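Everything on this sheet refers to the single structure shown next.
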Amino acid sequence: MPDVLVLVDHDGERVHKSTYELLRAARRLGDPAAVVVGTPGTAARLRDALARHGARRVYAAESTEADEFLGTPAVDALERAVLDLAAEAASPAAVLVSATTAGTEVAGRLAARLDAGLLIDAVDLDPSGVATQIVFGGSCTVRSQVTHGIPVIALRPGSFEPEEHPVEAAELQLTLPPVDPAASARVTARRAAVAGDRPELTEAAVVVSGGRGVGGADGFKVVEELADALGGAVGASRAAVDAGYYPHRYQVGQTGKSVSPQLYIALGISGAIQHLAGMQTSRTIVAVNKDPEAPVLDLADYGVVGDLFAVAPRLTREVAARRSTG
């Protein structure tokens, strides 16, 4: 079977959940081959975890300056992996990246270099290479396929459930070319976001989001308490973020982050189309809103017409009670 190149998202010590999702998606098209971009030694630390999820090859694209530039080292690594496979007369079936802000930029630049077709924000992928996408702000679902060159596909995090598939992984070296500082953005400093004990928004199995209906920053306490009871992440609508209720990095929607958790709970969110575009692929959606005409109730699997400050605390107590009894 042909290789399917997967760009690995990692923090240097840990593979992110979105990469395991990509590896599972890659198995639909061929044999997953993971491309690790980082400083020397990174691939060796991550190889066993990648092998457990089906990566038969681990390409080590390492250099001392790999973390000093935005995007360019990853584009260079994927291009070099494609060319190396082509030299073996075995071009990859596709290149998969996570549809994050950084991943989407890498995908676009790689497709331009390869003169290849590009599919962005796919939520499903079948064995023939046909991708399902949510487009036009979530108002339409389309099925698309690349017909020119090697498909470059950015998959929305949360679209696939990770699944272990242990294999033996061979580590191969990729030599990265020197980065031209004049043509690349250099990282001058990094500052970790204060995330606490909650999972990262795009990787969480449960997301509890608050909207304008929470009434203010203090109102988000009920959102956080329910999220913590469920072991989930906290999200926010654009209206809540614009009003200063919650930081922008937690915004869910077309202009924020796209999520596809197993459970999405919307508290006080009316359901503007830009918000729905970022969460409508969630497996199960629960909405609580005082307005029986709120658009989010039409999308929800379970809708509660009521005061979120009465409903959410009761739900939190019930979840906590059930967990305490095992």
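Can Val319 be described as without any contact (Cβ under 8 Å) to a residue 24 or more places away in the chain, not in a loop (DSSP other than H, G, I, E, B) and not small (Gly, Ala, Ser)? Full working, then the answer.
Numbers: without any contact (Cβ under 8 Å) to a residue 24 or more places away in the chain: no; not in a loop (DSSP other than H, G, I, E, B): yes; not small (Gly, Ala, Ser): yes.
Criteria not met by Val319.
Free of Cβ contacts under 8 Å to residues at least 24 places away in the same chain and more than 19 Å from Ala217 (Cβ to Cβ): is that true of Pro261 in this structure? Please lay out each step first, then the result.
On the way: free of Cβ contacts under 8 Å to residues at least 24 places away in the same chain: no; more than 19 Å from Ala217 (Cβ to Cβ): yes.
No; evaluated as a whole, the condition is false for this residue.
Scoring Ala192 on the criteria (1) hydrophobic (A, V, I, L, M, F, W, C); (2) within 20 Å of Ser18 (Cβ to Cβ); (3) in the same structural domain as Leu23 (by TED's automatic domain parsing) leaves a single failure, condition (3).
Scan Ala112, Ala107 and give me the residue that is of a type outside the set (Val, Ile, Thr), assigned to a helix (DSSP H, G or I), farther than 17 Å from Gln254 by Cβ and in contact (Cβ under 8 Å) with a residue 12 or more places away in the chain.
Working: Ala112 fails: in contact (Cβ under 8 Å) with a residue 12 or more places away in the chain.
It is Ala107.
If you check Ala227 against the conditions, is it exposed (fewer than 14 other Cβ atoms within 10 Å of the Cβ) and among the aliphatic types (A, V, I, L, M)? Spelling it out, it is not the case that Ala227 is exposed (fewer than 14 other Cβ atoms within 10 Å of the Cβ) and among the aliphatic types (A, V, I, L, M). Just a yes or no: is a residue in region 36-43 under 24 Å from Arg191 (Cβ atoms), among the small types (Gly, Ala, Ser), modelled with pLDDT of 95 or more and in contact with a His (Cβ under 8 Å, 6 or more places away or on another chain)? Yes, there is a match, as at least one residue in region 36-43 is under 24 Å from Arg191 (Cβ atoms), among the small types (Gly, Ala, Ser), modelled with pLDDT of 95 or more and in contact with a His (Cβ under 8 Å, 6 or more places away or on another chain). Can you find a residue in region 266-287 that is touching a helix residue (DSSP H, G or I) at 6+ places or on another chain (Cβ under 7 Å) and at positive phi? Scanning region 266-287, I find at least one residue that is touching a helix residue (DSSP H, G or I) at 6+ places or on another chain (Cβ under 7 Å) and at positive phi, so the answer is yes.
The criterion of at least 3 residues that are more than 30 Å from Ile285 (Cβ to Cβ) and touching a residue at least 60 places away in the same chain (Cβ under 8 Å) is met by the following strands (runs of 3 or more DSSP E) wholly inside region 116-223: 170-174.
Flag: Glu88 matches the condition of being among the charged types (D, E, K, R) and without any contact (Cβ under 8 Å) to a residue 40 or more places away in the chain.
In the set (1) within 25 Å of Gly103 (Cβ to Cβ); (2) modelled with pLDDT of 95 or more; (3) among the aliphatic types (A, V, I, L, M), the condition left unmet by Ala204 is number (2). Consider Leu297 carefully, then state whether it is out of contact with any strand residue (DSSP E or B) (no Cβ under 6 Å at 6 or more places or on another chain), farther than 20 Å from Leu155 by Cα and either assigned by TED's automatic domain parsing to the domain that holds Gly215 or not in a strand (DSSP E or B) (or both). So Leu297 does not fit the description; no.
Would you be able to say whether some residue in region 152-164 is of a type in the set (A, V, I, L, M) and loosely packed, with under 15 Cβ neighbours inside 10 Å?
Narrowing region 152-164 to residues of a type in the set (A, V, I, L, M): 152-155.
Still in the running and loosely packed, with under 15 Cβ neighbours inside 10 Å: none.
No, region 152-164 has no match at all.
For Ser260, the conditions (1) of a type outside the set (Val, Ile, Thr); (2) within 22 Å of the chain's Cα centre (by Cα); (3) more than 22 Å from Ile120 (Cβ to Cβ) all hold with the exception of (3).
Scan region 254-270 and give yes if some residue there is under 22 Å from Thr132 (Cβ atoms), touching a His at 6+ places or on another chain (Cβ under 8 Å), not in a helix (DSSP H, G or I) and not hydrophobic (A, V, I, L, M, F, W, C), otherwise no. Yes: region 254-270 contains one or more residues that are under 22 Å from Thr132 (Cβ atoms), touching a His at 6+ places or on another chain (Cβ under 8 Å), not in a helix (DSSP H, G or I) and not hydrophobic (A, V, I, L, M, F, W, C).
In region 125-173, of all residues being within 17 Å of Val97 (Cα to Cα), among the charged types (D, E, K, R) and touching a Lys or Arg at 6+ places or on another chain (Cβ under 9 Å), the one that is modelled with the highest pLDDT corresponds to Asp126.
The values are calculated or read from the model by the stated rules, or taken from the named source; none is laboratory data. Note that the structure is predicted; figures quoted are calculated from it, not measured. With ideal geometry, Cβ positions are generated from the backbone for all residues, glycine too; neighbour counts draw on all protein chains shown.
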